[in-house]
Every structure is written in C-alpha cells, then in structure tokens.
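Have a look at the structure below, then the notes.
The values are calculated or read from the model by the stated rules, or taken from the named source; none is laboratory data. Quantities reported herein were computed from a predicted structural model and do not represent experimental measurements. Cβ placement follows ideal geometry from the backbone for every residue including glycine, while neighbour counts extend to all protein chains displayed. The area values use the complete protein model at the heavy-atom level, side chains included, leaving out ligands, DNA and RNA. Shrake-Rupley method; radii C 1.70, N 1.55, O 1.52, S 1.80 Å.
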Amino acid sequence: MRLNLKQIILLFVSPMLFGQVLEEVNPPEHIKTIIFKGSTDDQFPIVKLGETIYLEFDDLSAREADYYYKITLCDYDWTPSTLLKSQYLSGVDNQRIIDYENSYNTLQAYSNYRLSIPNQNVRPTVSGNYMLEIYNDAYELVFSRRFVIYQDLVAVGATVKRSRDFNYINEKQVVQFNIRATGIQLVNPKREVKVAILQNNYWPTAIYNIPPQFTIGNELVYKYDQETSFFGGNEFLNFDTKDLRAPSAVISHIEMDGLYNHYLFPDIFRDQRPYTYFPDINGDFAIRTLQGDDQSREAEYTNIHFSLPYTPEIGLDEVYVFGKFNNYALTDENKMTYNDQSGYMEASIEMKQGFHNYKYVIKRADGNVDLNTVSGNFHFTENNYLILVYYRNFGDLYDSIIGIGSTNSREISN
C-alpha cells in the first residue's frame, strides 16, 4: 500500500510519545456530540477482540473538512506500548474518514462523520488499552478517546457492599470481586495480573494497582473494603429535547432566537436532602428526535439553559455542568457564571436533541474537583462498576486484557 505525505507524517508522531501517559484530548467547540461505543448503547467502547467499535461526531463548521484517525496501543498505565504497529494492527491506520454527510433540514448546519473499526484498512490484532486520535488536514490533533479490547480467558464475579468504615457507611460503595482462570494458566498472579476498577465508565476516578488479597487454587480474591471503595454520588439529573416544541417537568419554557432555547427549571443542592431514586443512564446521553427519521443528520442543536442557586459553599470557586455530552470536560462552554440579578449560577450550552444526563461539579481554587458537593453522596445510588483484568507474562512486551467483569449497586448488601 502506498502512503501519502499526511500518512507518513502521522506515522512518526507516535514514537515520540513513548513513556508519556496518553490522556483523552477534548475537541474545540465546533466539534460536538462525540459518540464512541461498542455493540451496546453505553457510550464506552469496550469490545471483545474482533468485534466492532463505532465513532460518530459532528462538525458545526459544516465545511466537509478532512479528518484522519490513528490508533495507538497502550500499556496498563496508558503509556504507549513499545510494540511496533505491525505487531498490534493488521493493515494501516492514518486513513481519512470517508463516511460523512451534511445535516438535513436543521437550523444549525453540521457535517456528521462516522467511523467503524475494524474496517477494510485496519484491524487490531491484540487485546489491551487503545487510544483513537483524530487529526485534521493540518496534522493537528482534534480530539482523542480511549477504547478497550479484551479476550475471555478469565471469569470475573463481582458484588457491591456497603462500606464498613462508619465515617462513610452512608456515602460509599465497596466493590468486591474474584477472578477465576478458565482459559489461561496463571503461574505468578501477583506479578502477572493487574486490575482497573471504573465507576460509571469514568476514567479519572478509576482505581488501579490493587493486588489480590489472597488466592484459592486458580481463583484470585479481592475482598477489600477501603482500597476498592467509591463515593456513591447521586443519581444524575436529566432532560429530554426529542420534541423541540414541548415543555416538560424539567423544561420550564422554550424560546426561538436563531436556534431553539430550552430553559430548564432551576436545580437545587441535593447534598442535605434525603436520597430519592429516579432512573438515569449514569451520565450518558442518547440522541433522538421526533422531527425526522435519521437521528444522526436530522436532530437539531438547541441552546440548553441551566441554573443553580449561588450559595456560600460555592464561594469564589468555579461551577461546571458535567456529563458525557462533552466527555466530562471542564471548559469555558460549560462553566457557569453568576447572575447578580437572579442570584443564580447560569450556563447556556449548545447540545444536540436527545436525552441527556448531567450534574453540577465545583472546581476549587487548588484545582481539585468536588464531584458530589452539589449532588451529595448516598450509598443507595445506582452505579455501574466495571473491572478490567490485565495480564503480562514473563517476557511479554505489552499488557493484554484477559477478561472483564461488571456489577451494579442495585443489589448492594451489607
């Protein structure tokens, strides 16, 4: 296969990153609604080796710009693997995304791009952590997203318990699990096996480097309490704009000014209120519209107006609207500002039609982010937990993923 100049330049970007932890890069404001998933509706791309992952995003500049993708295998700690690309990819990446169409009958024009992997050009051949990077035609990184490929070589059983720490008994959830080798021989599991535990598929709070507490035959047991505990948080807030013209229990009124403007009823601090269950999708979103059949190209963009009372708990710190809609990034677009006339913190965010989860977080002056100061922490909260099992045998040059496990706190027990 003959490579063009753009592909050759991108081929030499990755080797310079060895030893550097690859973090997800969020896009500029004209790139919106990044959907990245496997075969399920959850927008967390974790697939079995050979299965397909799907990427979709919108470019609001609507210029039909050229975008290219690059795939990098990473080790357990998200540093680039020392393997050559030919050792973990069949074919060549650095290809242009050719599947795109312009929006149809929308007030906000945009170009919708789609990519699936594997495709006719490239196919991952090993399991592990991967980073997908999207570049523009000026060789600039536009955004990047993590994805995970695994094999079924171990069985993982997991459960959620209440914390035994009386300081957090009503606030934390503890993940306990075991790993049983079924299709692989674990000779020295304390050195060969590592795990990562994620709450609601959110990487920044993932727990790493937890060794097995003990082993029973071919089974590794992790029955920790404090070491594998997470704050429960609270159920996410939500709104649904699938019908552009219909107010709802959370949408107070709708105005038209170039785009539709949906004004949500003011939210409240929930940390001192009793826990109330209402179903959410744990921060995720689902694009849908009643104004057309093609959800990707006919869904409209609208301005969503959020408001939260200003309280002394906020002080001079920064408040953000937080959710998967922008990959939980803290940017100027979703940062709230104080309105001295209403006494509320307010934000207006352009978002695509659909069902969206969100909550409010506070970024303190020292840079720390309080995820649950506004919403509160409750051990009752429904959360998903994912366990990734990594394996590196003696002499191996990369960390494979030999199994996954999942559990939900609906069945929490003492």
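A residue that is more than 25 Å from residue 107 (Cα to Cα), open to solvent by less than 50 Å² (accessible area, probe 1.4 Å), at pLDDT 95 or above and not basic (Lys, Arg) occurs nowhere in the range 291-298. Scanning the range 2-59 for residues that are of a type in the set (Ser, Thr, Tyr) and modelled with pLDDT under 95 yields 14, 39, 40.
In the range 262-270 there is no residue that is in contact with a helix residue (DSSP H, G or I) (Cβ under 6 Å, 6 or more places away or on another chain), within 26 Å of residue 207 (Cβ to Cβ) and either at pLDDT below 95 or in a loop (DSSP other than H, G, I, E, B) (or both). For the structure I just gave you, tell me whether residue 118 is of a type outside the set (S, T, N, Q), open to solvent by less than 20 Å² (accessible area, probe 1.4 Å) and at pLDDT 95 or above. It is false that residue 118 is of a type outside the set (S, T, N, Q), open to solvent by less than 20 Å² (accessible area, probe 1.4 Å) and at pLDDT 95 or above. Looking at 133, 140, just one residue is crowded, with 21+ Cβ neighbours inside 10 Å, acidic (Asp, Glu) and at pLDDT 95 or above, and that residue is 133. Beta carbons closer than 9 Å, at least 6 apart along the sequence or on distinct chains, pair a first residue in the range 321-332 that is without any contact (Cβ under 8 Å) to a residue 40 or more places away in the chain with a second that is assigned to a loop (DSSP other than H, G, I, E, B) and open to solvent by less than 30 Å² (accessible area, probe 1.4 Å) for 321/334; 321/336. Residues in the range 104-115 that are in a loop (DSSP other than H, G, I, E, B) and open to solvent by 10 Å² or more (accessible area, probe 1.4 Å): how many? Summing the residues that are in a loop (DSSP other than H, G, I, E, B) and open to solvent by 10 Å² or more (accessible area, probe 1.4 Å) in the range 104-115 gives 6. The residue list 331, 373 contains one member that is more than 16 Å from residue 205 (Cβ to Cβ), surrounded by fewer than 21 Cβ atoms within 10 Å (Cβ to Cβ) and β-branched (Val, Ile, Thr), which is 331. Against the list (1) farther than 19 Å from residue 169 by Cβ; (2) of a type outside the set (S, T, N, Q); (3) within 19 Å of the chain's Cα centre (by Cα); (4) open to solvent by less than 30 Å² (accessible area, probe 1.4 Å), the condition residue 382 fails is (1). For the range 208-250, what are the residues that are β-branched (Val, Ile, Thr), assigned to a loop (DSSP other than H, G, I, E, B) and open to solvent by 30 Å² or more (accessible area, probe 1.4 Å)? Listed by number, the list holds a single entry, 250.
Residue selection: residue 145 fails the criterion of being of a type in the set (Lys, Arg), open to solvent by 70 Å² or more (accessible area, probe 1.4 Å) and under 30 Å from residue 34 (Cα atoms). Among the criteria (1) open to solvent by less than 50 Å² (accessible area, probe 1.4 Å); (2) among the β-branched types (Val, Ile, Thr); (3) part of a loop (DSSP other than H, G, I, E, B), the one residue 187 does not fulfil is (1).
For the range 298-374, the strands (runs of 3 or more DSSP E) that sit wholly inside it and include 2 or more residues that are touching a Gly at 6+ places or on another chain (Cβ under 6 Å) are 354-363. From the list 344, 301, the lone residue that is within 30 Å of residue 255 (Cβ to Cβ), open to solvent by 40 Å² or more (accessible area, probe 1.4 Å) and modelled with pLDDT of 95 or more is 344. For the range 58-103, filtered to residues that are among the hydrophobic types (A, V, I, L, M, F, W, C) and part of a strand (DSSP E or B), the residue that is farthest from the chain's Cα centre (by Cα) is 89.
Taking the listed residues 399, 317, 370, the one that is at negative phi and without any contact (Cβ under 8 Å) to a residue 40 or more places away in the chain is 370, with no other qualifying. When residue 128 is tested against the conditions (1) on the phi < 0 side of the Ramachandran plot; (2) modelled with pLDDT of 95 or more, the lone failure is (1). The single condition among (1) in a loop (DSSP other than H, G, I, E, B); (2) under 30 Å from residue 169 (Cα atoms) that residue 205 does not meet is (1). Residues in the range 98-125 that are without any contact (Cβ under 8 Å) to a residue 40 or more places away in the chain and farther than 30 Å from residue 84 by Cα: 100 only.
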